[in-house]
Amino acid sequence: MNFPILSSLILLPSIGAFFLFFTKSKKEDNKTVKYVALFTSLVTFFLSIYLWILFDQSTSEFQFIEDRVWIEGLINYKVGIDGISILFIILTTFITPLCIISVNNSIQKRLSEFLIAILIMESFMIGVFCSLDLVVFYLFFEAGLIPMFLIIGIWGGSRRVYSAFKFFLYTLLGSVLMLVAIISIYWISGTTDVVKLYELGIDAKYQNLLWLAFFSSFAVKTPMWPVHTWLPDAHVEAPTAGSVLLAAILLKMAGYGFIRFSLGLFPIASEIFTPFIYTLSVIAIIFTSFIALMQEDMKKLIAYSSVAHMGFVTLGIFTIQQQGIEGSIIQMISHGLVSAALFLCVGVVYDRMHSRLISTYGGLVSIIPKYSVLFMLFTLAALGLPGTSGFVGEFLILMGAFKDNFLVAVIASFGVIIGAAYMLWLYKRVIFGKLINQDLKQMIDLNKSELFILTCLAIPTLLFGFYPEPLISTIEVSISDLIKVYNMNLTGY
Amino acid sequence: MEISIIALPLIASIISGFFGKLIGDRNSEIITSLLVSISAILSALVLYQVIINNYQDNIVIATWISSGALDVNWSMKIDSLSAIMLVVVTSVSSLVHIYSIGYMSHDPHKPRFMAYLSLFTFAMLMLVTSDNFVQLFFGWEGVGLCSYFLIGFWFKKDSANTAAIKAFVVNRVGDFGFALGIFLIFYLFGTVNYSEVFKLIPSIIDKNISFLGIEINAIDSICLLLFIGAMGKSAQILLHTWLPDAMEGPTPVSALIHAATMVTAGVFLVVRCSPIYEYSELALNVITIVGMSTAFFAATVAIVQTDIKKIIAYSTCSQLGYMFFATGVGAYNVAMFHLFTHAFFKALLFLGSGSVIHAFKDEQNINNMGGVWKKLPYTYALMIIGTLALTGFPFLSGFYSKDAIIEFAYLRGNTSGYYAAGIGIITAFLTSIYSWRLMFKTFHGDYNNKDIKIEETHESPLIMLIPLVFLSLGAIFAGYTFKELFIGHGVNNFWQDSIFFLKPLSIEHPPFWFLVLTPILVILSIPIAYYLFVKNKNLPERIASVNKPLYNFLLNKWYFDEFYDATIVKPSKKLGIFLWKFFDIKLIDGFGPDGLSAFIKKCSLKANKFQSGYIYQYAFIMLLGFSALLTFLIVK
């Protein structure tokens, strides 16, 4: 067997976390702790880039498969990747080191525990994106919530306990149903191996219920309307790094799950429920865009905009069109970069002024110009300006949707108008205008590490806006085969 | 060489935008102006090649998006149409760059301003040279973005920021239609490349698509959707409200973006898509109606406005209306001709008004001006040229293009054509009146400014006047020189296949009385305006006070802003609050997590009561249960 590169990716961050656990966390040790965490995450990142280089784009077969017996005859530890998963792995390993750099004085207590939580979560997330066994997937999927729960509950703001529980309550509800569904799949098919299940297929009469069970879990985590209300609260209370991880990576698990499991395992049910998903998606796009328009808290506004953007994602996935699904994946990657950057932008001013209220600010451009430029760039990416990654995703999704259903595409396109309104209005109120609040005059512009992080996010945002080819060619074959198999399954019954 | 036309402004923008502090204000100004000027010279060479050798090319620079059947390239298409646009954009842009060096000399953010101007030029060139609809859309939104930046350039002014957002969002409404048009094209043809789409158009003439149960002709829908985009960008009635507000930006911006180039993108789109529009009688009629309504509406509003830039803005709006109804009656080449000449004289007027504003130290109200023509002789003379050209005074450039539009509308021979011709003539008269009103109130009569003395007003520096001279040459000669090329008899020799005519344009001539009607009205309007606004100034006021409701209606721009505010802006905000406070918090949270946890809490409180700790209670319950069980077993 070759070098187990995927398992190494999963384990590496945990090993780093393990070391951190034994590092004495004295005050003066903070730097060492941070360096250890950063080093671990960087090694993971470079390993994942190496993985991308090794990755064969010309096939939709799973690659780098590792298959070990875990519980004899019951569960195998099986991991492997295809074009759909690899980009999410890279997104995860890319965002995590940036998160670690962004951790600064705002986390004053238990820094090493905080970093441990981040690293453990990275492990779990990578696990989610490469597991090829339903049980293994489930474990990673659910375990990933625990560090997030702790991050919000321990390092969060004043209403952290309420938010953490709301987050937990929602996600638990969905998860339980998914577990039940996985057990039933085992009873029905005798295996939980995803590759085998793809070949065997699942009997049409079970698909609807199973689909709904998976849906309930994914819908909460996407989050889709109407089970989205945990997200704004969770974001508002979470520390900046937590928000970034939540928006950039955690939300992507569900989108990934829809593509991998809902479409892959239950094509017939997916076809039946497509109108249902469309409805929820366009409601999410329109409703939350209007809500975002009226927010007074910057983080809440961006959180609501995330819901709208994820509405595009779910819409694109269920178009079952090449453009739609590719658009969804690009939209997820793009949203991972852009929402991360926007939350970091809010973090920057929050660290200085300790307020997230839009009304606190105004006229920042003359005080902190570098910040204003980068914030503008991400604002534009969020509203989907051509030349940013946000456009490519949205445009492909809508194009795919239009092929499938005119009305849905028309309504969803309408959301793009409101998107421009709320993002530009936010920017205007924070950055432009007269400087009224005199306290703002003491604000300092981005320091080196902030500038570095935001630039790191800005480069791919622009690069993939002008040249999304690296992304598209990675996922292309996997998606076209997925669609082929999907359509074959439909006509087969 | 061709690619450097597009690349140079981008490079200029990057240098000035990122390294402006490093290289200093003066160097950024020089570099941006120089690079854009080189780009202008190269464009002129390209146009020369196109005219002489029928040069055509389609350069593919790189892949942009390729997903399934969708294949979009970064490209550069050169044909007669794009060559004309290249020249218009780069020449006006380079003159505006140079003018800005003088106009913005007191501004602390010069490199940023120059960077925006160059970036705009780049985006506009991407728009006009695209060979597919998606790159066109890129340029389309790109120019919108630069327009947003430049309108809000003075970021401390709240009104400027609001106007900037308004411009962007209203344009987004147009883009919504445009994007849907592109989706529909891709849905029908599986490609977004112009030449492939245009080839396939005749094959779907009878195809219908069904939307919400309504059957619509596919070509009609494409045309109308694309036209919504054009309406937004070119400020046509209903989507025009952003343009007057956009005058919050610095004046060079108004000249470049909101007169000569960006706002004409809509006209360019329709002309570029002539192979589609020719098959849609419905869409052409709609365009004619929208165009002539805009032309008329904007002219009526311009008559009563007092802000010098707003008057010219409404005038632009009105002239764009002319271009649209020219395309609507199928005279695409004439629309392009008017676009071409309009770019010169309207940029001239805007830059001239900038010179006036400069002289009055940022005063824009024409009621606070007057009597300064001797103090500003060059500006005055140049603006006279611009005004004559705009109003269509014989033998200046506007005369050739505007009168040609009215003639072709007449020659179309159908109802909408006659209406358009009629409205065109009335509007030409109105145009003349409001233009001369502007001139007389600004330069003649008594000096009315209380803030600065007449001695303090001063002529602009040479660097601002030289671009004006160049533009005035265009305003005088562009019409006569290029008449044959654009709308002459051998018209197809020049346009080749960049413009498509299903039926060849009529080559007849309208009756003589019709030909001389407009010029006569235009010439007559000068003494009328002089009488009204210089000699007998009470008369207009008397007319206004007698017709108060009409006057207010015009002064308030037909109440479009108020209408939109009441029907769209305010309800949107209310809807946002409602969805948030009621839907999310009351309904979803109330019945969801909060309701659930409250419910569980209540249940557990109840359950608590059972665990009282008294043995006799437990015993009693056990007894009850035991007897119930026993009863059940016995009965069974």
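The values are calculated or read from the model by the stated rules, or taken from the named source; none is laboratory data. Small disclaimer: the values here were computed from a predicted structure and weren't measured. Heads up, the Cβs are rebuilt from the backbone with ideal geometry, glycines too, and the neighbour counts pull from every protein chain shown.
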| If you check A:TYR170, A:TYR138, which single one turns out to be at pLDDT below 85, in a helix (DSSP H, G or I), closer than 15 Å to A:LYS221 by Cβ and among the hydroxyl-bearing types (Ser, Thr, Tyr)? | A:TYR170
| task | Tell me which residues, restricted to the range B:173-215, are within 12 Å of another protein chain (Cβ to nearest Cβ), surrounded by fewer than 14 Cβ atoms within 10 Å (Cβ to Cβ) and among the hydrophobic types (A, V, I, L, M, F, W, C). | result | B:PHE211, B:LEU212, B:ILE214
| query | What's the number of the condition A:LEU42 fails, among (1) surrounded by fewer than 17 Cβ atoms within 10 Å (Cβ to Cβ); (2) assigned to a helix (DSSP H, G or I); (3) at pLDDT below 90? | reply | (3)
| request: Filter the range B:529-566 down to residues that are loosely packed, with under 15 Cβ neighbours inside 10 Å, more than 31 Å from the chain's Cα centre (by Cα) and not charged (D, E, K, R), then give me how many there are. | output: 8
| Based on what the data block shows, is B:TRP154 within 14 Å of another protein chain (Cβ to nearest Cβ), part of a loop (DSSP other than H, G, I, E, B) and not polar (S, T, N, Q)? | yes
| said: When the residues of the range B:587-602 are narrowed to those that are closer than 18 Å to A:PHE167 by Cβ and among the charged types (D, E, K, R), which ends up nearest to the chain's Cα centre (by Cα)? | reply: B:ASP589
| request: Taking A:TYR35 as meeting all but one of (1) in a helix (DSSP H, G or I); (2) free of Cβ contacts under 8 Å to residues at least 40 places away in the same chain; (3) farther than 24 Å from A:ILE151 by Cβ; (4) not aliphatic (A, V, I, L, M), write down the number of the exception. | output: (3)
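Name the residue, out of B:THR288, B:THR264, B:THR300, that is touching a His at 6+ places or on another chain (Cβ under 8 Å) and modelled with pLDDT of 90 or more. Step through it out loud before you land on a result.
Details: B:THR288 fails: touching a His at 6+ places or on another chain (Cβ under 8 Å); B:THR300 fails: touching a His at 6+ places or on another chain (Cβ under 8 Å).
Unique residue meeting the criteria: B:THR264.
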| field | Options A:ALA238, A:ALA204; residue that is more than 14 Å from every other protein chain (Cβ to nearest Cβ) and either surrounded by fewer than 21 Cβ atoms within 10 Å (Cβ to Cβ) or closer than 28 Å to A:TYR186 by Cα (or both) | value | A:ALA204
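Pick from A:LEU490, A:LEU463: which is within 22 Å of the chain's Cα centre (by Cα) and either more than 10 Å from every other protein chain (Cβ to nearest Cβ) or surrounded by 19 or more Cβ atoms within 10 Å (Cβ to Cβ) (or both)? Please lay out each step first, then the result.
Values: A:LEU490 fails: within 22 Å of the chain's Cα centre (by Cα).
Among A:LEU490, A:LEU463, only A:LEU463 is within 22 Å of the chain's Cα centre (by Cα) and either more than 10 Å from every other protein chain (Cβ to nearest Cβ) or surrounded by 19 or more Cβ atoms within 10 Å (Cβ to Cβ) (or both).
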| request: Filter the range B:75-87 for residues that are assigned to a strand (DSSP E or B) and either buried (at least 21 other Cβ atoms within 10 Å of the Cβ) or at pLDDT below 85 (or both) and give the result. | output: B:MET76, B:LYS77, B:ILE78
| note | The residue that is nearest to the chain's Cα centre (by Cα), considering only those in the range A:125-140 that are surrounded by fewer than 24 Cβ atoms within 10 Å (Cβ to Cβ) and of a type in the set (Phe, Trp, Tyr), is A:PHE140
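Yes or no, residue by residue, for (1) out of contact with any strand residue (DSSP E or B) (no Cβ under 8 Å at 6 or more places or on another chain); (2) under 17 Å from A:ALA143 (Cα atoms):
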position	(1), (2)
A:TRP230	yes, no
A:VAL236	no, no
A:GLY242	yes, yes
A:SER262	yes, no
| field | Residue pairs meeting the criteria (Cβ under 6 Å; at least 6 apart or on separate chains; first farther than 17 Å from B:LEU339 by Cβ and touching a residue at least 12 places away in the same chain (Cβ under 8 Å), in the range B:465-479; second part of a helix (DSSP H, G or I) and not aromatic (Phe, Trp, Tyr)) | value | B:PRO467/B:LEU95; B:PRO467/B:ILE98; B:LEU468/B:LEU351; B:LEU468/B:LEU382; B:PHE470/B:LEU95; B:SER472/B:LEU348; B:SER472/B:LEU382; B:SER472/B:ILE385
| task | Exactly one condition in (1) over 19 Å from A:GLY311 (Cα atoms); (2) touching a residue at least 60 places away in the same chain (Cβ under 8 Å); (3) part of a helix (DSSP H, G or I) is not met by A:ILE183; state its number. | result | (2)
| field | Selection count, the range A:45-87, where residues are buried (at least 18 other Cβ atoms within 10 Å of the Cβ), at pLDDT 85 or above and among the aliphatic types (A, V, I, L, M) | value | 6
| field | Filtered residue count, the range A:365-407, keeping only those that are in a helix (DSSP H, G or I), under 20 Å from B:GLY190 (Cβ atoms) and more than 10 Å from chain B (Cβ to nearest Cβ) | value | 1
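Scan the range A:162-191 residue by residue and report those that are within 12 Å of chain B (Cβ to nearest Cβ) and surrounded by fewer than 19 Cβ atoms within 10 Å (Cβ to Cβ).
Answer for the range A:162-191, where residues must be within 12 Å of chain B (Cβ to nearest Cβ) and surrounded by fewer than 19 Cβ atoms within 10 Å (Cβ to Cβ): A:TYR162, A:PHE165, A:LEU169, A:LEU172, A:LEU173.
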| In the range B:134-172, which residues are among the acidic types (Asp, Glu) and buried (at least 22 other Cβ atoms within 10 Å of the Cβ)? | B:GLU141
| Residues of the range B:423-455 classified as over 14 Å from B:THR300 (Cα atoms) and small (Gly, Ala, Ser), total | 1
| said: With the condition being within 14 Å of another protein chain (Cβ to nearest Cβ) and free of Cβ contacts under 8 Å to residues at least 12 places away in the same chain, I'd like the helices (runs of 4 or more DSSP H) fully within the range B:553-626 carrying at least 2 qualifying residues. | reply: B:570-577, B:593-610
| note | Of the listed residues (A:ILE286, A:ILE302), the one being within 12 Å of another protein chain (Cβ to nearest Cβ), over 29 Å from B:ASP71 (Cα atoms) and part of a helix (DSSP H, G or I) is A:ILE286
| query | For A:LYS428, all conditions in the list (1) without any contact (Cβ under 8 Å) to a residue 12 or more places away in the chain; (2) more than 25 Å from B:TRP140 (Cβ to Cβ); (3) charged (D, E, K, R) hold save one; what is the number of the exception? | reply | (2)
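Restricting attention to the range B:276-296, which residues are part of a loop (DSSP other than H, G, I, E, B) and of a type in the set (Gly, Ala, Ser)? Before you say what the answer is, go through the steps one by one.
Initial filter on the range B:276-296 (part of a loop (DSSP other than H, G, I, E, B)): B:278-280.
If the condition is that a residue be part of a loop (DSSP other than H, G, I, E, B) and of a type in the set (Gly, Ala, Ser), then B:SER280 is the only one that fits.
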| remark: Note on B:GLY20: of the conditions (1) closer than 28 Å to B:ILE466 by Cα; (2) out of contact with any helix residue (DSSP H, G or I) (no Cβ under 8 Å at 6 or more places or on another chain); (3) within 14 Å of chain A (Cβ to nearest Cβ); (4) not basic (Lys, Arg), unmet is (2)
| query | Quick one: is A:PHE276 without any contact (Cβ under 8 Å) to a residue 12 or more places away in the chain and either closer than 24 Å to A:PHE414 by Cα or under 16 Å from the mean Cα position of the chain (by Cα) (or both)? | reply | yes
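Return yes when A:LEU357 is more than 14 Å from chain B (Cβ to nearest Cβ) and surrounded by fewer than 24 Cβ atoms within 10 Å (Cβ to Cβ) and no when it is not. Let's see the steps before the verdict.
On the way: more than 14 Å from chain B (Cβ to nearest Cβ): yes; surrounded by fewer than 24 Cβ atoms within 10 Å (Cβ to Cβ): yes.
Criteria met by A:LEU357.
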| If you scan the range A:436-446, which residues turn out to be touching a helix residue (DSSP H, G or I) at 6+ places or on another chain (Cβ under 7 Å), within 14 Å of another protein chain (Cβ to nearest Cβ) and farther than 18 Å from A:GLY347 by Cβ? | none
